[in-house]
Amino acid sequence: MVLWRVAIVFVIHWSFPLNNLALSFRDRFNQRGVLSDLDEAIDLHQATLALCPPGHPRRSNSLNNLALSLRDRFDQRGVLSDLDEAIGLHRATLALCPPGHSDQSSSLNNLAISLRHRFNQKGVLSDLNEAIDLHQAALALRPLGHSDRSQSLNNLANSLRDRFEQRGVLSDLNEAIDLHRAALALRPPGHSYRFESLNNLANGLRDKFDQGGVLSDLDEAIDLQQAALALCPPGHSY
């Protein structure tokens, strides 16, 4: 009995250094872009997950970390099986984060993002519709004052704009524009994502001009694009 207890303690604690090493490899990949670092992170996350069976308190965290790394690799290589596996892992994570769980909003958001990625790859509208539902649920869990509210507003807006481009339903575009305005209001001058919100709102207004021909929409889009450009000095990645 004592040996079993020692073994259990060893397994529980061994998952921590494996997970931390995996996160460090993924961080280095994000800095340097060397794909072997990401492959190593995935191997380590898989090993960590194997040490976190159903019922383990860190299982949802391990599922999520592996899913995020697989999605990163899909973004690099475009191998759809990585994205499909990530989606399955995100679903498993969400199942472990019921209403009231502190990680539910992030789990909803992560699954939604991966489904939108798959929609962009395969064009299956049900993936996008589910992503929108999930983003709406995540936003409902991120009220005014929540640190991730602007991210949720932006993500939902982008998904609605994608659906507008597929179906041409103007209400999707109008809602996306309203959400982009709300996101921009939460990203004042100096905010690291202000450029993104300026650009996204401008793109939405330009789409609206293309539909309705209202010049004020285009004028506002130009003003926003000029403001975004001012945040991109020579040498900026955008």
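Being over 24 Å from residue 73 (Cα atoms), exposed (fewer than 14 other Cβ atoms within 10 Å of the Cβ), over 13 Å from the mean Cα position of the chain (by Cα) and hydroxyl-bearing (Ser, Thr, Tyr) holds for only one residue in 126, 102, and it is 102. Of 114, 150, all but one fail to be assigned by TED's automatic domain parsing to the domain that holds residue 205 and buried (at least 21 other Cβ atoms within 10 Å of the Cβ); the exception is 150. Of all residues in the stretch 187-198, none that is in a helix (DSSP H, G or I) has its Cβ atom under 8 Å from the Cβ atom of a residue that is of a type in the set (Asp, Glu) and loosely packed, with under 13 Cβ neighbours inside 10 Å, 6 or more apart or on another chain.
The values are calculated or read from the model by the stated rules, or taken from the named source; none is laboratory data. Keep in mind that what you see is a predicted model, and the values were worked out from it rather than measured. All Cβ positions, even for glycine, are placed from backbone atoms using ideal geometry, and neighbour counts span all protein chains on display.
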